[in-house]
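Every number here is computed from the coordinates shown, using simple stated rules; none is lab data. Every value quoted in this text rests on a predicted model; they were computed, and no experiment measured them. Cβ atoms come from the backbone with ideal geometry, glycine included; neighbour counts cover every protein chain shown.
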Amino acid sequence: MLQSLDLPTELSLRTGTVVIRRADKRDIRALMRLLADDAISATRGDVGADADEEAYASGLARIIDDRANDLVVAIDSHDRVIAMLQLTAIPGVARRGSTRLLVEAVRVKADQRSAGLGSTLMRWVMEVAAPACGADLVQLTSDRQRTDAHRFYLRLGFVDSHVGFKYDVPR
């Protein structure tokens, strides 16, 4: 489903351009840093520890191997990963057989925030990625503490229509 996305592609920002491409194993350390750079993610164990690299690599490999999933990165003019997001196409029977495109793990490098990269990426998701995989709906969840992110998504046209629930499976 998501393999039909025409990547890599270039997106224009106010400050220049970025290349959007699929993440691969060479990006693991950069992905770990993006996740660790987020205070909420860090409280959940995303601290960028060298000992965790194999776990992240395994997770990325599962995403790459799953045709319904994609993890894309934004690359700056210096070939550095400056943003990421995961996309999952979910076929369903609800909404008359609609497909949903779930957006997860949206992260923008701290020194790149407020420059339009996040909104450019999300518009690409809404205008390019969703139609490419046949999605009728783009959905995401956001931690209650992320009030700035909530305002951001509302500005983009998302509606805070549902209450989400999660359950941590004991191991």
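Here Cα Rg over 2.2 N^0.38 Å was computed from the coordinates, and among (1) 1.50; (2) 1.02; (3) 1.34 the match is (2).
For segment 99-171, the set of chymotrypsin sites (Phe, Trp or Tyr not before Pro) satisfying both a DSSP loop assignment and a count of at most 10 other C-beta atoms within 10 Å is given as PHE165, TYR167.
About the Cα centre, and with charges only on the beta carbon of Lys, Arg (+1) and Asp, Glu (-1), how big is the dipole of the chain? Nearest 20 debye, please.
Values: 24 positive and 24 negative charges, 98 e Å.
So the magnitude is around 460 debye.
Taking Rh as the Kirkwood radius computed over C-alpha pairs, what is the Stokes-Einstein D of segment 76-171 at 20 °C in a medium of viscosity 1.002 mPa s, expressed in µm² per second? Please list the in-between numbers first.
On the way: Rh = 15.0 Å.
Estimated diffusion coefficient is 143 µm²/s.
Among the trypsin sites (Lys or Arg not before Pro) in segment 34-123, those located in a DSSP loop and surrounded by at most 16 other Cβ atoms within 10 Å of their own Cβ are ARG44, ARG67, ARG80, ARG113.
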